[in-house]
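What follows is one structure encoded as structure tokens, with my remarks underneath.
Bear in mind that the values in this text are calculations on the coordinates, not laboratory data. Since we're looking at a predicted model, the values are computed, not measured. Cβ sites come from the backbone with ideal geometry, for glycine too, and all protein chains shown count toward neighbours.
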Amino acid sequence: MRVSNHGAVRTLTLHRPATLNSFTAAMHAELMPALDAAAADAAVRAVVITGAGRGFCAGQDLGDPAMTGDVDVGAVIERYYRPLATRIRTMPVPVVAAVNGVAAGAGANFALCCDLVVAARSASFIQAFSKIGLVPDCGGTWLLPRLVGRARALGLAMTGDKLPAEEAERIGLIWKCVDDDVLMETVAALAQRLALMPSRALVETRRALDTAMPLDFAAAITLEAQAQRELGRAHDFGEGVAAFFAKRPAVFKDR
Ligand code: T3D
């Protein structure tokens, strides 16, 4: 794992390029504390996750004896993937995935857990689970139908076919597909922009959207009112309105 900072943006780079950054127990043991540290650091206002080399993440390292073979796969999920997916979805700042290459299995759904997914044109997404007799994990069963609908979710998950980044953008699985040579600069600009925005409101937006999914309209707008009540009392709302009338950029600080 490589960690770097540019202003208020922290970038975490998965670094096992020889196996397309597939997850080992050791990599999980670096990634979770790195995410926790970013969450705890008030100076961090956006997080970028990417991969070293030609892949983003090929999911579970199928050769890691600590996690494969004669092990309880349910226990592996409970110990590693459930906390990872939960950590990403509850980060106190926006998280952007810069998908530089293939994202397969839990690596694909790890990317899709992020708030905004930007992929290089040469990248692809593979729900590889069916090929080894598993179901989509790392949040995949929840995310896929919500992102692309049941028909496409089942198509992707049952076939395990490779979905090119361009097609992933077209069907709404990801936010954007960009040319390979501008991926990192595009993501850097996006993350810097998010870092200047009201983090707490962005994170409440994620929570409100996710919570509203199974609710009826009345319950969803009740939640909106609750969120606005809390945000309306916070610093960033006052600052945003003051900056609007003063015709100056707002300086947000809530998390
Ligand atoms: O405990 C549990 O298992 C439960 C947890 C489940 C969560 C999951 O993520 S299950 C899904 C696991 N992932 C996969 O099944 C994907 C396996 N990989 C692939 O299908 C292909 O590698 C890709 C389609 C991702 C990329 O293909 P390609 O042709 O671009 O690359 P490659 O040649 O297959 O891979 C390059 C190297 O990475 C190769 O090693 P080598 O031959 O150069 O020494 C390959 O073995 C290695 N590699 C790729 N993925 C994995 C891997 N090694 C270990 N585990 C991997 N997942």
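Each residue of the range 238-245 was assigned a 3J(HN,Hα) from its phi angle through the Karplus curve 6.51 cos²θ - 1.76 cosθ + 1.60 (θ = phi - 60°); the sequence is x, 5, x, 5, 4, 5, 4, 6 Hz, with glycine and proline shown as x.
Find the relative contact order for the range 29-121 and round it to a whole percent, using C-alpha pairs within less than 8 Å whose residues are 6+ positions apart. Please list the in-between numbers first.
Values: 121 pairs, mean separation 35.2, N = 93.
Relative contact order here is 38 percent.
Each residue of the range 11-16 is assigned a 3J(HN,Hα), and the resulting list reads 10, 10, 10, 5, 9, 9 Hz, derived from the Karplus form 6.51 cos²θ - 1.76 cosθ + 1.60 (θ = phi - 60°), x at Gly and Pro.
Arranged from fewest to most other beta-carbon atoms within 10 Å of their beta carbon, 10, 200, 233 become 233, 200, 10. The residues packed around residue 12, meaning those with a beta-carbon under 12 Å from its beta-carbon, carry a net charge of +1 if Lys and Arg are +1 and Asp and Glu are -1. Near residue 63: Cβ cut-off under 14 Å, other residues only, Lys/Arg at +1 and Asp/Glu at -1. The net charge is -2. Taking amide H as placed 1.01 Å from N in the peptide plane, the amide H of residue 48 sits under 5 Å from that of 10, 11, 12, 96, each at least 5 places away or on another chain. Between helix 183-195 and the chain there is an angle of about 40 degrees, using the helix long axis and the longest principal axis of the Cα atoms. Couplings for the range 156-168, taken from phi via the Karplus curve 6.51 cos²θ - 1.76 cosθ + 1.60 with θ = phi - 60°, read 5, 6, 6, 7, x, 5, 6, 9, x, 4, 4, 5, 4 Hz in order; Gly and Pro are left as x. Enter the Cα centre distance for the pair the range 185-255 and the range 138-173, rounded to the nearest angstrom. Spelled out, the Cα-based centre of one part sits 28 Å from the other.
The residues packed around residue 129, meaning those with a beta-carbon under 15 Å from its beta-carbon, carry a net charge of -1 if Lys and Arg are +1 and Asp and Glu are -1. Calculated [222 nm] ellipticity per residue, helices only, for the chain: -13500 deg cm²/dmol; basis is -39500 (n - 2.57) per DSSP H run with n ≥ 4, divided by all residues, nearest 500.
Among 239, 224, sorting on how many other beta-carbon atoms sit within 10 Å of each Cβ, with the fewest leading, yields 224, 239.
Reported to two decimal places, what Rg/Rh ratio describes the chain when computed on Cα atoms with Rh from the Kirkwood expression? Spell out each step's value before the answer.
Numbers: Rg = 18.6 Å, Rh = 19.0 Å.
Expressed as Rg/Rh, it is 0.98.
Here's the list of aspartates and glutamates a cross-link from residue 176 could span, going by alpha-carbon distance under 16 Å and ignoring same-chain residues fewer than 8 apart: 115, 166, 167, 185. Close amide H contacts of residue 175 (hydrogens built in the peptide plane, cut-off under 5 Å, sequence separation of 5 or more or a different chain): 117.
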